[in-house]
Amino acid sequence: MSVSAEPSTSLLRIENVSRTFRMGEVEVHALHDINLTIESGEFLVILGPSGSGKSTLLNLIGGMDRPTTGHLWHYEDDLATMTDDELTDYRREKVGFIFQFYNLVPTLTAYENVQVATELVRDAIRPDEALAMVGLEDRAEHFPSQLSGGEQQRVAIARALAKRPEIILADEPTGALDLEMARSVLSILQRLNRDKGLTTILITHNAGIAEIAERDIRLVSGHIAESRVNTHVIPASEVTW
């Protein structure tokens, strides 16, 4: 792994990052010169409409893509210059992913969906313990089709937690849920961040969700248009839109 000339105590440090995609003869500039520092234990919401670059930024932080230019430091290691094997290790050991549409295996029970993740790491949380952390210990033997949308998302959170990650990356985790279910899911994320110190980065187009986080940034056309520290964090049970 590449080592920074300026060691940092910050969990993540994004320096002058841009990401360009080529579509035929056209270049699409998804991110432009992004600079951002994320501390361990922080809850950060990244806001922006479709096409603003927020998913691209999340993919870079999660080691699923590399920047076209710039550096993305995880402590002293630069994700931009890691090998494919090093990025795989980073994703497996450091990052828990939560997606909008759950990505559960339909032929596996809730327990088995979580168990799949525990087999990828050395010091995993037992599937039953992870399900208990999201209040689903009594639904362990149910298949995804037997669970509500909110319950499926909670299984997805348990699956991410079971790896004992440093970072939770949540990509529109409430986008397919009604308000009541969304509050339930957001409450779990907020509690895990508060009680476990689990660094949480959540992307959404919904500005109301930013009120549950310590800080939010707003992306517009691949630029950070605004960065705000939230001086009045509300419980996720009170979020509305």
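Before moving on, here are some points about what is shown:
- Mean Cα-pair separation over length for the chain, i.e. relative contact order, pairs under 8 Å, 6 or more apart, %: 25
- In a fully extended conformation the segment linking HIS232 and LEU108 would gain 40.5 nm over its present Cα-Cα distance, using 0.36 nm per residue.
- When you restrict to C-alpha pairs under 8 Å that are six or more residues apart and normalise by the size of segment 89-189, the relative contact order lands at 42 percent.
- Computed FRET value (nearest 0.05) for GLU76 with GLN146, which takes r as the C-beta separation and R₀ as 35 Å: 0.15
- C-alpha long axis of helix 149-161 to longest principal axis of the chain, angle in °: 60
- Only protein atoms count toward the accessible area here, which uses a 1.4 Å probe; on the chain, the carbon and sulfur part of that area reaches 49 percent.
- Burial ranking of peptide ranges 39-51, 151-163 (average Cβ count within 10 Å, highest at the top): 151-163, 39-51
- Cα gyration tensor, segment 1-87 - rounded (a/c under 1.5), prolate or oblate: oblate
- Taken over segment 105-241, the ratio of Cα radius of gyration to 2.2 N^0.38 Å equals 1.09.
- Extension gain for THR69-ASN35 works out to 11.0 nm (0.36 nm per residue, less the C-alpha to C-alpha distance).
- Measuring between their Cα centroids, segment 142-162 and segment 43-66 lie 23 Å from each other.
The values are calculated or read from the model by the stated rules, or taken from the named source; none is laboratory data. Predicted model, so just to flag it, every value in this text is computed and none were measured. We place every Cβ from the backbone using ideal geometry, glycine too, and count neighbours over all the protein chains shown. Just so you know, the surface numbers come from the protein's heavy atoms only, side chains and all, with ligands and any DNA or RNA stripped out. Shrake-Rupley method; radii C 1.70, N 1.55, O 1.52, S 1.80 Å.
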